[in-house]
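What follows is a single structure, written as structure tokens, with notes after it.
Since every read-out is calculated from the coordinates, none of them should be taken as a lab result. Bear in mind the structure is a predicted one, so any value in this text is a computation, not a measurement. As a convention, Cβ positions derive from the backbone with ideal geometry for all residues, glycine included, and neighbour counts pool all protein chains shown.
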């Protein structure tokens, strides 16, 4: 080795780097050993002089979802260091909330996680209900509808995550299968709310409308179709060598690190930590259902994929149980201070019209205080920390974004990996720009 | 279970606790800033508390009150399945507007504190990399402060016919003292 190449030897590999990267073979841990000819090639290649280069990945990189920039310091293909920069989709969610009435915030929370807006709707409604002290007065039928809508949204969320990241790996067929399955979910949610993507369906104290008459039958039929698409996707990829090579042992994060980073949801459960808000601190009517918390071992891309696949099956089981159990009754709380009067009263009586006017113009008067409410969103614990000063508008409305904390761990996951691994790792953590940047 | 968290805190670090309370099922403890890290370390390390996860960190701006800001930590224990909210009050003056960093305890604090600094201008002493995170480097002021006007605009690229800055932004720029971290 010449002096020049010695100078260009990479600096000492950091300890967290060493876990996944073996400098002797130039391969990730968990990868199968190279064939003899490839081994010889790799040894020769290791002797070639290289230079560290700074590369910008994103924000306009197609696999960066248009919202994240990763500044990579690379040596050849190996990532030595990374700076993950978010904020390109910051819309001032909190500032806008402070100028809106409590009910006007629903369209904003729709646009936080635009892949599963129903879950955000419900999470926010529950936070305000907690602060109002009316959590136990929400009609049971409304709680069941929220669960059904929320779990449908979770299926849509996981389908998007899985199939979009597979499309980024070149498996475009799965993306089409996934989108067909999502189309069924969207049709059901459209039946519920009238909107396909941003539903604004939940209300403080209940939901906007009751289920349609044929909703239960339609849902059962569509769930079967979705199951078929998921089976198709699994059959296509799970024994595919390219898929396994890029998922297994890539993007590993340990359980202790995941907890320390505040990672929740599927990414944490992929580290074999069975934390699910629905099970550990049951809210709504989740304690009425028999379901398993999906966990997997390894903390790598494949584990995250498997957790999401299993969670979709559990979600469908919850929906089917809910459709059987759902009781008849009202879908919104009977409290004129919180819920809008029926349209019949608004148009035909002066009291109804005044009540409507006051609620729309002044907003719901939430007593002064603060509350932190938590639900299981598509990506993990979706929390809302709401502070009221007694007026009709929130003093503060903070969203605890699961994606933000997961993305903060991205640096640790990609350092020591190859450039090409950034795409599947980033895809598997399901970073949603609207929620991460708010 | 949850009440015992506050009781343990009262017993173990009585000198650090200013106030405790429970509202709509949430437990809260207001802590002296000088003892904040001591309390947070106890919460994380003590086996009976075991708050392994910093769920969220944010700031509340009580404009017009003294002290003006409250730094709010939401903690969760995966093992015991309990939660607690820890708060610390900080003043508005530049030499007062800081808390010690929690990055040594939870890695989640790294980005959460950057966001709190970015949006509220509360400094986190000892943070290894306290840069703006959601706003851009050139941004002046801290947008979630209650005295930052909701309709102020700070475009990076200005249209040729647009005025240099609007009135509100001008006032804001005059008042802002903390463009960058020292």
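Show me the ranking of peptides A:223-235, B:119-131, B:103-115 by mean Cβ neighbours inside 10 Å, starting with the highest. Walk me through the numbers on the way to the answer.
On the way: A:223-235: 16.6, B:119-131: 18.2, B:103-115: 22.2.
Output ranking for A:223-235, B:119-131, B:103-115: B:103-115, B:119-131, A:223-235.
By the beta-carbon count within 10 Å of each Cβ, the least crowded to most crowded order of A:413, A:64, fewest first, is A:64, A:413. Averaged over the residues of B:50-60, the number of partner chain Cβ atoms lying within 10 Å of the residue Cβ comes to 6. Once both labels are positioned 7 Å from their Cα atoms along Cα-to-Cβ, the gap between residue B:94 and residue A:225 label points is 6.3 nm.
Applying Stokes-Einstein at 10 °C and 1.306 mPa s to the Kirkwood radius of the protein assembly as shown, computed over alpha-carbon pairs, gives a translational diffusion coefficient of 61 µm² s⁻¹. Take the Cα of residue A:254, step 7 Å toward its Cβ, do the same at residue B:8, and the gap between the two points is 2.3 nm.
Relative to the longest principal axis of the Cα atoms of chain A, helix A:140-168 runs at roughly 20 degrees. For residue B:19 and residue A:391, the FRET efficiency from 1/(1 + (r/R0)^6), where r spans their Cβ atoms and R0 equals 30 Å, is about 0.80. With neighbours defined as other Cβ atoms within 10 Å of a residue's Cβ, the residues A:57, B:53 order from fewest to most as A:57, B:53. The mean number of Cβ atoms from other chains found within 10 Å of a Cβ in peptide A:86-96 is 4, as a whole number.
So how much slack lies between residue A:37 and residue A:239, counting 0.36 nm per residue of separation and subtracting their Cα-Cα distance, in nm?
Values: separation 202, 0.36 × 202 = 72.72 nm, distance 2.54 nm.
Answer, rounded to one decimal: 70.2 nm.
Taking packing as the residue-averaged number of other Cβ atoms within 10 angstrom, the listed peptides A:416-422, B:95-101, A:111-117 run from highest to lowest as A:111-117, A:416-422, B:95-101.
Give, as ranges by residue number, the residues of segment A:141-174 whose backbone N falls under 20 Å from the point 7 Å along Cα→Cβ of residue A:77. Only A:166-171 pass the distance filter. With 0.36 nm allotted per residue and the present C-alpha distance subtracted, the residue A:337-residue A:350 stretch has 3.1 nm of extension available. Helix-only arithmetic for chain A: the sum of -39500 (n - 2.57) across DSSP H runs with n ≥ 4, divided by the residue total, places the mean residue ellipticity at 222 nm at -15000 deg cm²/dmol. Label-to-label distance for residue A:212 and residue B:32 is 6.4 nm, based on points extended 7 Å past Cα in the beta-carbon direction. Look at the stretch A:256-269: the mean tally of other chain Cβ atoms within 10 Å of its residues' Cβ atoms is 4. Here the extension length gained between residue A:56 and residue A:362 equals 105.4 nm, from 0.36 nm per residue of separation less the Cα-Cα distance.
Pop the C-beta distance of residue A:287 and residue A:411 into the FRET formula with R0 = 45 Å and round what comes out to the nearest 0.05.
Details: r = 38 Å, r/R0 = 0.84.
It comes to 0.75.
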